[in-house]
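The values are calculated or read from the model by the stated rules, or taken from the named source; none is laboratory data. Bear in mind that the values here come from a model prediction, so they are computed numbers and not experimental data. Using ideal geometry, Cβ is built from the backbone for each residue, glycine included, and neighbour counts are taken over all protein chains shown. Side chains included, ligands, DNA and RNA excluded: accessible areas come from the protein's heavy atoms. Shrake-Rupley method; radii C 1.70, N 1.55, O 1.52, S 1.80 Å.
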Amino acid sequence: MLVKTKAIVISALKFQEKSLIVKCFTLSDGIKSYFVRDAFSSRKTSQKIAYFQPLTMLEIEAIHKNKGTLEQLKEIKINTPFQTIHSDIVKSTMALFLSEMLHHAIHEEEKNESLFYFLESAFDWFDHHDEITNFHLIFLLETTKYLGFYPDISEVKFPFFEMKEGIFCPFHSLTSLTEHETQLFKKLLDLKFENNQKTFHVTERQIVLKILIEYYSLHLDGFKKPKSLEVLKEVFL
């Protein structure tokens, strides 16, 4: 089936000497993986390696056989050229980390338009703003709305957040945050991208990020801690 769709690059894995296996989140079909032959070739090709940097937003024409195998790209172009994400060291490091989180978090080969449009608008905001200190924290929390495990805030007045159940409770348990951690988590729940990005100091930001990664781990089967986390800490935290 020939499909024309928007797509967001989630990951790109080098295959042999010149090719790539590229995982995209598409508007039409959710997650799809494509074989890009000669991506590193010196000859002119429409499938340039620059197209497959983390979070790049594309318009593609592809053949989807929908048999669980690698699909084939026919035409590719940049949908929204980023101005800063791939040239700013802090943003590019954060983009690598977020793409790895999404790689481990999204697996379904099915349409999820609301998630796609959220990602599209979030990365556009990220590209056009300089104060992005808490962007990754807000982004990861907001993404849980579309993955099905956003925290239940109906009892947010309680002092402990129970990670496994995703609820606030009056008593501490083995899988709940401490009272201090819960206060930091509540602070994150109130944030939007446009809020003051200096809400947390460095140590608090590290704690909140650790909480979010653990929260993803508890709610997503097979979720793996991103390898790029240590790089993010070195460059940014």
Item to complete: Hey, can you find the accessible area per residue of the chain for me, probe 1.4 Å, expressed in square angstrom?
Response: 51
Response to the item:
Rounded to the nearest 10 degrees, the helix 135-147 long axis (Cα) sits at an angle to the longest Cα principal axis of the chain of 80
Discussion item. Taking 24 Å as the cut-off for C-alpha to C-alpha distance, list the pairs among K74/K227; K77/K192; K23/K77; K4/K227 that go past it.
Written reply: K74/K227; K77/K192; K4/K227
Item to complete: As a check on your grasp of the helix formula, calculate [θ] at 222 nm for the chain: sum -39500 (n - 2.57) over DSSP H runs of n ≥ 4, divide by the residue count, round to the nearest 500.
Response: -11000 deg cm²/dmol
Practice prompt. Tell me which residues come under 5 Å, amide H to amide H, from Q72 once H is placed; ignore anything under 5 positions away on its chain.
Written response: I63, K65
Worksheet item: What relative contact order, as a whole-number percentage, does the chain give when Cα pairs under 8 Å and 6 or more residues apart are counted?
Response: 16
Worksheet item: K48's amide H: which non-local residues (gap 5+, or another chain) put their own amide H closer than 5 Å, with H modeled 1.01 Å from N in plane and none for Pro or chain starts?
Response: none
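Leaving ligands, DNA and RNA out of it, rank H128, H136, H104 by accessible area with a 1.4 Å probe, largest first.
Largest accessible area first, the residues go H128, H104, H136.
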Worksheet item: Ordered by packing density, taken as the mean number of other Cβ atoms within 10 Å over each peptide's residues, highest first, how do 88-101, 111-124 rank?
Response: 88-101, 111-124
Worksheet item: Under the Karplus relation 6.51 cos²θ - 1.76 cosθ + 1.60, θ = phi - 60°, what is the ordered set of whole-Hz ³J(HN,Hα) values for segment 220-234, x standing for Gly and Pro?
Response: 10, 4, x, 5, 10, 4, x, 5, 7, 4, 5, 5, 4, 4, 5
Worksheet item: Within the accessible area of the chain, what % is carbon and sulfur when the probe is 1.4 Å and the other protein chains stay in place?
Response: 51
Worksheet entry | Proximal charge balance of F82 [Cβ under 11 Å; K/R count +1, D/E count -1] | -2
Worksheet, complete the sentence: Dividing the surface of the Cα convex hull of the chain by four yields a projected area in nm² of 13.5
Discussion item. Please compute, over every Cα-Cα pair in segment 171-210, the percentage with a separation greater than 11 angstrom.
Written reply: 67
